[in-house]
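Okay, so here's the structure we're looking at.
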Amino acid sequence: MRSRLRPLPCAWTGLTGVGDPPEKLRTVDGRSLVAVVSEAPEGLKAKRRDVLAHQSVLERLMADGSVLPLRFGALAPDDDAVQQVLDERADAYLERLSELDGCVEFHLKASVVEEARNILLGSEEARRLNEDVRAGRGGQDLRMALGGLFAGEVQRRHEVLAAETVDALRPVARDVRTSEPTGDDFVSVSFLVEQARQNEFLTAQKDLADRCGEDFAFRLHGPLPPYSFV
């Protein structure tokens, strides 16, 4: 009978858990699943050292097979609680592991450079209002009208651009998860990509960026553990 708590294999030499000094890694075994854990210090915070340790463990796990990644800072009171969750949710976890088998995540964000200039070039009404404002005609009401027009046009453009971005890359992804973009971004989207199609996905994303030109700034992160699809 195998013990539920055991050290990690030699292939994991050099990897550690969180804390200072860093805690040792070990596994907690359920009936059909295994969790990789370490002790956590009191008041665990997202310090760079600990976040990198967490990421390194996930990357090594991904190299060995499918993984359901927990985001940094997930805590359990003890090993028995971990084992209980592994067993109670085993069917759901195994189903998700099967769906994620052989896949990684790529996360894409994008923004538009000089958006105000692009709106002025594309909207006759915006150009007219802007000229009136610059000439000192219309006062505060005209400025508010121009601001409202810009806000509405930005939202419309962002929705169109986000849809076009997702549609362009969806054919080379197994699944897609969108999230609310922040700041100047018009899209924030995660793609679940089969490892065998990584190069195909990267080529498709580069082709998209090339077609969009210098007015767009794309930021692609990955391959990552499939956080968005767990």
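The values are calculated or read from the model by the stated rules, or taken from the named source; none is laboratory data. Note that the structure is a prediction, hence the values are computed from the model and not measured. Note: ideal-geometry Cβ built from the backbone for every residue, glycine included; neighbour counts use all protein chains shown. These accessible areas exclude ligands, DNA and RNA; they are computed on the full protein's heavy atoms, side chains included. Shrake-Rupley method; radii C 1.70, N 1.55, O 1.52, S 1.80 Å.
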Heavy-atom accessible area of PHE229, protein chains in place, probe 1.4 angstrom, given in Å² to nearest 10, is 0
The correct ranking of CYS103, CYS212 by accessible area at 1.4 Å, largest first, is CYS212, CYS103
Spatial separation of Cα centroids for region 177-194 and region 31-94, in angstrom | 25
Total charge of the residues flanking HIS54 in space, meaning their Cβ is under 13 Å from its Cβ, with Lys and Arg +1 and Asp and Glu -1, is +3
Just need the relative contact order of region 20-64 here, percent rounded to a whole number, with Cα pairs under 8 Å and 6+ apart.
-> 24
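Within the set of other residues whose C-beta is less than 9 Å from the C-beta of ASP20, count the net charge using Lys and Arg as +1 and Asp and Glu as -1.
Numbers: positive: LYS47, ARG49; negative: ASP50.
Cβ neighbours under 9 Å give a net charge of +1.
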At a probe size of 1.4 Å, how large is the accessible area of THR203, to the nearest 10 Å²?
-> 80
Could you sort VAL104, VAL113 by accessible area so the largest value comes first, with the probe set to 1.4 Å?
-> VAL113, VAL104
